[in-house]
Structures are given as C-alpha cells and as structure tokens.
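The values are calculated or read from the model by the stated rules, or taken from the named source; none is laboratory data. None of these values were measured; they are calculated from a predicted model. Glycine gets a Cβ as well: all are built from the backbone with ideal geometry, and neighbour counts include every protein chain shown. When the accessible area is computed, the model is the full protein with side chains, heavy atoms only, and any ligands, DNA or RNA have been set aside. Shrake-Rupley method; radii C 1.70, N 1.55, O 1.52, S 1.80 Å.
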Amino acid sequence: MTNTFKANVVHNNALRLRILPFIAFLITLLVGLVIVNNYHSLWEKEQSMLMSELVGSQASTIQRHLSRSFSSTYILKSLIEIDNGDVKNFNSYAKNIFNSIGSITNLQLAPNGIVEHIYPLAGHEKAIGHNILKDDKRRDEAALAITNRELTLAGPFQLVQGGTAVIGRNPIFLKNAAGEEYFWGFASVLTYLDDLLSATDLNTLKSKGYQYQLSNTTNETENIFAQSHENMGAAETIVKKTIEVPNGKWLLCMGREPQPWHHIALGLQILLVVCLSVLVTYITYALLRRPIRLQQLVDQKTDALHKLAFYDPLTKLCNRRLFNDLLTRMIATTERDGKRMALLYLDLDDFKRINDSLGHESGDQLLKIIGERLSSVVRKSDIVARIGGDEFCALLPNIQTGVNAAHVAEKILEAIEKPVKLGTHSVRVTPSIGITLAPDDGTDSIQLLKNADLAMYSAKENNRNNYQFFEHKLNTNTLERLILERELSQAVEKNEFVLHFQPQVCLLTQQTKGIEALVRWQHPSKGLLPPGDFIQFAEDSRLIIPIGTWVLEQACKQLKQLDQPNLIVSVNLSPRQFSDPNLLTTIKAALTNAGIEGHQLELEITETALMKNMANAIQILKQIKALGILIAIDDFGTGYSSLSQLKNLPADTLKIDREFIKDITEREDNKVITEVIIGMGHKLGLTVIAEGIETEEQLKIITQMKCDMAQGYFFSKPINLEALNNYLSEKQKKPCLS
Ligand code: C2E
Ligand code: MG
Ligand code: MG
C-alpha cells in the first residue's frame, strides 16, 4: 500500500466517521418527530371524534326532550278542539298529560292569548292573566304561531313568576256556527331550562373537565342562555352542534378544559426522540469506528510483519530477502539507464572470537554499532543490509568508476576499525570487503553476490582489514574451494556430519575385533560426501579440530551404544589434530562422556603425520598410551619411513595401506613388500591389519602371510551404526579375544 493511498484511506475514514453519525442523527430525529406528530394528530382526531359524539348525544337529548314536551301541546290542543273550546276538563286533561309525558314544568291554556289555566298552578299563579299577544317580548312568537298555524318556541326567557324557561305555543283554531275558523287561543307547555339541562349529562361532564355553551341567534345576535364557564375560548377541541327547534336553531358548543399533561407528554416524547437520536448517533459512530480500528490494527500488524519479513530486527537494516529484491531491481535500473553500480560485501574479521569471549549480547551490541556506522558513511540513496551473522552489504547506485566504490570502502574501513565500547571492554574489529561492479562483473544478483563474496575472501586472504575488487582471475577452483570452506565451517555448527563404521576382522577366528570410525558429511545439496572430499580442506582451514573432536566423541558414544565391551573403535587423527595442544584433554573428555575405557579406543595416525616430527610424536603417543589407548600406524608403506624407525614408536597396530593390497594378486613386488611389513610388524610385537581386502584371493594371500587382521569391502563397506549392529549380530556372536 502506498503512502498516498494510505493517507486517502485515513482521510475517507475520518470523513465517514463524522458524516455518517450526523446523517444517522438527522434521520432518527426526523423519523422520531414524524412519529410523535402523527401520534399527536391521531390523538387530537380521536379527541375531536369523541367530542363530536358527545356533543351529538347531548344535542339529541335536548332535542328529544323538547319535542316530548311540545307533543303535550298537541294532545291538549286536540282535546280542546274536541270539546270545542270548553275548558272545564282542562285540569283533568292536563293532569293526565303531565303525568304521562313528564319532563315538563306546566301546561297552560291561553284563550285569546290570555293565560287563564295552568296545571299545576302552584308557583305559577303570577302568570294567570298574562296577555301574551300584548307582551312585547312574547308577541312575535305568538303572532308567528297564529300566522303559521304552527307551534312556536319562545325563550328561553325570564318568567314573570321567576326562573328561566322555554315555552312552546300551539295555536288552537275552532269553527264558529257559520263554519268559519277563528283563533281560539294557545295550548302551551312550559319547561324550565334547568329541567331541560338536567335531562342531559352536561353538568356531569362539566365536573369531568368539559365545557359547554348553549345559544340561539335572534336578530343575528348570538344569545347565550346556558354555559358551564364564563369564557369558552380557553377550551380545547371545541365542537359545535346545531339543535333544530321550532322557528329557530340552537347551538350547542362543547370543548375540553386545557390539559397540561398532554403538553408535558408531548414535550417528553420530543425529548425521548432527541435522546434516541443521540444514542443512534453514538451507536453509528461506535459501529463505524470498530472496523476502522480493526483496520488500523491490521495495518499495524501488517507493518510489523513487513518489518519482520524484510528487516533485520537487530540492526533495523534490510535483511537478505529484501536486499536480494533491491539488488535485482537496482541491476535492472542500472542496465536500463546505461549506468554503473557497485556491490560491497563485508565480513567482520574474527567476529566469532568476540562473540565467544564477550558473549552473544556484546556480539549483538557490536553488530548494531557496525550497522549504524555503515549507514552513516554511505549516502541516503545507498542501501545497507545485514545478510548474515556478521555479513553486511552495501549497494551503491550510479557510480562513475570503481574509484568511487573504493572511496566508500575506505570510509567503511575507517569507520569500523574505530574502537567500540562493549560494557567495560573496548574492542576493535576490522572488516574484509569485496567489491563487484555491475554490469562489469555480472548482470544478475546471484553472479554479483558470488563475485563480491569471492572478492571478500580474497581480501580475507590478503591479511584482512582491506578491500578487494573482484577479478576474473579468481577462477572456478578458487571459488569452489572458498565456498566449500565456508560450507564446511557452517556444517560444524549445523552438525551435518555422520559416522560410518567398517569392521576389522580377526583372520584367525573370523570374528570382528574392531571397527574403524569413518566420517561422512551430509551436505544439504550434494548429499553424503566421503572424507576425501573435505578432510583436506578441513585440515588446511583448521576446521579439522572441531570436526575431529566431534568424531572422537561420537565414535566413543556409539561404541557404548553397541554394548560390546570387547570391541575396539578406531578413530583417525589428522596431522593437525595430532599437534593440537588440547588433544589429550579432548580424548579424556570423549572417554569420560561416553563412559568407555581407554583400551576400547584405538587412535590411527598416518605414517606421514608421524614422520613430520618423530621426537614430538613419540612424546604425544606415550601420553596417549598412558591412558590405555591403543595406537595404530595408518596407511603404512606410503610414507617411505624406514621400518627401523617403527621400533621407537609406542604403537600397537600396523595398517598396511590399500595400495599394496589392491594388486597383490598381480604384482609380485607388492606381495613381497606386504610380506616384509607383516614379518617386521610381528617382530616388533605389532598386530598387522591389511586394508582394502576386496576379494577372497587377496584374503587368502594375506592369510598365508600370517597377517593378523583384515579390513575391506570383502567383509563390509563402512556402514552406519544400525547396519553395523545387524552385521555384528549376524556375523559374530562374540568378538575375538586377542
Ligand atoms: P583410512 O583411514 O585409510 O580409511 C580407510 C579408507 O579405505 C576408507 O575410506 C574406506 O572406506 C576405504 N576402504 C576400506 N576398505 C576398502 C576396500 O575394500 N576397497 C576400497 N576401494 N576402499 C576401501 P574413506 O571412508 O573414504 O576414508 C578415507 C580416508 O579419510 C581415511 O582413510 C582417513 O584417512 C580419512 N578419514 C576418514 N574419517 C576420518 C576422520 O574422522 N578423521 C580424519 N582425520 N580422517 C578421516
Ligand atoms: Mg584409518
Ligand atoms: Mg588407511
């Protein structure tokens, strides 16, 4: 991921984190308010429907009540018409009507418009004699009733006898003797307004918080004649209903007293919506933030992994992997641009010594400082990498000539050789630097690295602490030798060696008396290598010391595993091992660690090794012998030593070299030499072993020559411990006792 892309992602995430919660807030708020508003409208609608029903029911109660009371006038009117204006039965008629219809205050008869008869009369006496047609306030309705021959309603108004009431007047028309119709008078019914209202639920509703107002309109002015409160303006949900009355209309208005709890509930609902919106905003923010945080975590881990994969954790420099990648790219760019680049391959001289003497922590500290010094002397555009334990590389792009690279190499030498303080110690390390140029010395990374490595080795061989350019004369053999030497030193650390054993057979008893330990190198790519491929290198490079120590220890340990107390293991000692001052200590440690006795071990020293310094050799052999260990002279006959010199050696065994045995059947001279060696050996009290017995014929000849023992493919090739164990179980139940 590029930095710009990363920055864009971070910016977009931040924007999303700000905008989306805000949008969520707005949407929730909007939806919430719409819901609250709908709920509120629904509630108001319901209230107004309830109110309409209520007003309707109250209005119809009033109307029903009025028409019931008016119906009494029709009955009275009919009876008077039947009696042809005779009023003597009025009281009995009125009583019957009054009792059967109910909800009326009184019934009246007013012949010629003058009230003369009232039932019941008590309390209404004052009305007797009242001339309706002459009363200004009553005259209009009365005249209208006569004109229209219909019942008219008068009032509500104040009665002369007190109280507010409505009167229904029904005009009565009779016929005279001539058959002409004339106005007789009125049959009226009086109903107190209070009685009318008490027939409704208006007063009960008033106590429950409802308000009402009853009015009619006369001469276009509204006349309120009954009301629950002075002013209905404050009421809520006001609903009106018209009540049809004879010669006019009444209006019933009803409403509810203001209900503060409803407003509080509304306020609370809005508050709830706001709170919910805030909550949704927070949840949206948290939900959005989570994957972003996760992404950040993944990015961090990826970065860390990237660093681990491509950078050296100790020095923070590029590791081998990244370096190879960068090298390949730089070679391609250099080639494309027609320029030149340099690769500096640097190895610290004797770093192992510092690591071993001061400890790994100090070693690490030193590598860190070297890394820093290297980075400080090159340019920013150059690349420095740690590609192995104490191996560093520097890539210098765009150099003109090798002189530029040499200049950098000099600066590196100067910077590194300055003393380094490690705890209380002040140490000084030097590097050996190999330089290759591209495209001059190679155009691919493997080739360049190989050549730089080669040049670095040539710097090492050139007294170290210097730099060398790659030269084509560093031929393939040198290269292979150098590579082998390097691999061999790693093989010691990686424990890539194995031991094979070859039986040594007693010719008298045909039993295996000893086994020779022969080392092999399990090479990671080349497979199992015989000692001929590497022992000489090991000898030359001093690596034979650790390899030999390993062989000695393993040979003793594996003999112990065989659990054959009379079997002797022979181990080859190289000339350099033989002159190692620690040899005796190493041998003793090997015996002790394996838990075997000195007489179970035989050490083979080549004739040539002995001849180099006979006096010293005798000294060492004596010390070895003092431990009970047996001594064999290996490859005898090849070193041109005089047989007479043998008598001074504290040896036990003489091994006749394979060279004499090889063509013993054909060459008479070899036959004679072998016979002499055997005879000589016997004279000196040595056990003689013939090496390289491959055929029965060879075996026959050396047996006839009284050779003591034989070793060769005829019996067995060198084999691993498991195979040897099988061999021993099959071929020999008991080892030969000398
Ligand atoms: P060597 O000590 O003389 O060992 C005998 C060599 O002759 C072995 O070769 C063995 O495989 C080979 N050989 C035995 N019988 C026959 C046979 O019948 N025919 C043929 N053609 N060869 C036979 P190898 O294992 O390759 O070892 C070669 C030499 O390497 C050894 O010669 C010894 O000098 C050296 N070597 C082996 N192991 C070690 C070791 O651990 N330390 C040292 N310093 N040198 C070792
Ligand atoms: Mg040997
Ligand atoms: Mg030999």
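Where in region 252-272 does the amide nitrogen come within less than 16 Å of the point 7 Å from the Cα of Ile224, taken along Cα to Cβ? Answer for this model: 252-258.
At a 1.4 Å probe radius, which order do Phe534, Phe225 fall into by accessible area, largest first?
Numbers: Phe534 0, Phe225 35 Å².
Ranked list, largest accessible area first: Phe225, Phe534.
When the alpha-carbon atoms of region 320-477 are used, the pair Rg, Dmax equals 15.4, 51 angstrom. On the principal axes of its alpha carbon atoms, region 43-257 extends 69, 34, 28 Å, with the longest extent given first. Please name whichever of Thr204, Ala234, Tyr93 sits farthest to the positive end of the charge dipole of region 43-257, dipole taken about the Cα centre and charges placed at Cβ: Lys and Arg +1, Asp and Glu -1. Of the options given, the answer is Tyr93.
Partner lysines whose Cα lies under 26 Å from the Cα of Lys662, excluding those fewer than 8 positions away in the same chain, are identified as Lys513, Lys671, Lys683, Lys700, Lys706, Lys717, Lys731. Relative to the dominant Cα principal axis of the chain, helix 136-148 is inclined by about 90°.
Quick check for you: which residues of region 361-383 have the amide N under 18 Å from the point 7 Å beyond the Cα of Asn404 toward its beta carbon? Inside the label zone: 377-383. Projecting label points 7 angstrom from Cα along Cα→Cβ for Glu236 and Ile128 puts them 5.6 nm apart.
The accessible area of Lys77, taken with all protein chains in place and a 1.4 Å probe, comes to roughly 40 Å². Measuring with a 1.4 angstrom probe and ignoring ligands and nucleic acids, Lys513 comes out at about 40 Å² accessible.
Once Lys and Arg get +1 and Asp and Glu get -1 on their Cβ, which of Leu109, Phe578, Leu294 lies farthest toward the positive end of the dipole of the chain? It is Leu109. Multiplying the residue separation of Ser103 and Phe157 by 0.36 nm and removing their Cα-Cα distance gives an extension gain of 17.6 nm. The figure for Thr424 is an accessible area of roughly 120 square angstrom, using a 1.4 Å probe on the protein chains alone.
What does the extension gain come out to for Glu44 and Glu696, with contour length at 0.36 nm per residue minus their alpha carbon separation? The partial results should precede the final answer.
Values: separation 652, 0.36 × 652 = 234.72 nm, distance 12.52 nm.
222.2 nm is the gain from fully extending Glu44 to Glu696.
Using only alpha carbons, region 494-733 has a radius of gyration to Kirkwood radius ratio (Rg to Rh) of 0.94. For region 485-581, the residue among Val492, Thr512, Pro530 whose Cα projects farthest onto the positive side of the dipole built from Cβ charges is Thr512.
Modelled spin-label separation between Val676 and Asp533, with each label point placed 7 Å from Cα along the Cα-to-Cβ direction: 3.8 nm. For the chain, the longest principal axis of the Cα atoms and the long axis of helix 668-683 meet at an angle of about 90 degrees.
Quote the charge dipole size of region 308-373 about the Cα centre in Debye, to the nearest 20; the model charges only the Cβ of Lys and Arg (+1) and of Asp and Glu (-1). Walk me through the numbers on the way to the answer.
Working: 11 positive and 11 negative charges, 71 e Å.
Roughly 340 debye, rounded to the nearest 20.
Could you put Ile132, Ile483 in order of accessible surface area, largest first, with the 1.4 Å probe and the full protein assembly present?
So, going from the largest accessible area down, we get Ile483, Ile132.
With the helix formula -39500 (n - 2.57) applied to DSSP H stretches of n ≥ 4, the chain reaches a computed 222 nm mean residue ellipticity of -16500 deg cm²/dmol.
Just to be sure I understand: of the beta bridges DSSP finds with both ends in region 320-477, what percent are antiparallel, rounded to 5?
On the way: 22 of 25 bridges.
DSSP beta bridges in region 320-477 are roughly 90 percent antiparallel.
For the chain, the solvent-accessible area works out to 52 Å² per residue, with a probe of 1.4 Å and every protein chain left in place.
Take every DSSP beta bridge with both residues inside the chain and express the antiparallel ones as a percent of the total, to the nearest 5. Could you put the intermediate results ahead of the total?
Values: 85 of 113 bridges.
If I count the DSSP bridges inside the chain, around 75 percent turn out antiparallel.
Remark on region 594-709: hydrodynamic radius 14.6 angstrom, per the Kirkwood mean of 1/r across alpha carbon pairs.
Carbon and sulfur atoms: what percent of the 1.4 Å accessible area of the chain do they account for?
Values: 20600 of 38640 Å².
That share works out to 53 percent.
Taking the C-alpha atoms only, the angle from helix 583-594 to the longest principal axis of the chain is near 60 degrees. Grouping the Cα pair distances of the chain into 20 Å bins from zero gives a pair-distance distribution of 12, 21, 15, 9, 7, 8, 11, 11, 6, 1, 0 percent in increasing distance order.
Each part gets one Cα centre, and for region 223-273 versus region 20-87 those centres are 11 Å apart.
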